[in-house]
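Shown next, in structure tokens, is the structure this report addresses.
Read-outs throughout are calculated quantities, based only on the coordinates presented, and are distinct from any laboratory measurement. Everything quoted here is computed from the prediction, not taken from an experiment.
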């Protein structure tokens, strides 16, 4: 896939961090920035997947709660009829 060029502005502190990481890892600053962008999007996807799982579990718990509530009502009706 052909790379596209983008231009970004960062403050001096961020620039120094990127430069230091690039020097330490012996890669370009572009590589450091690409890794950061990849991690950002991976984290967002994982968060979205986690949200879907939480909603699924909540729906399952709500269904189980309704079943238990129905059973409790049946037991209460039987006890009040005695």
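What to note about this one:
- Each listed q (0.19, 0.22, 0.23 Å⁻¹) maps to a log10 I(q)/I(0) for the chain, found by the Debye formula over equal Cα scatterers with no solvent: -0.93, -1.05, -1.09.
- CD proxy at 222 nm, helix term only [per DSSP H run n ≥ 4: -39500 (n - 2.57); per residue of the chain; nearest 500]: -30000 deg cm²/dmol
- The chain: angle of helix 12-25 to the longest principal axis, Cα-based, in degrees nearest 10: 80 degrees
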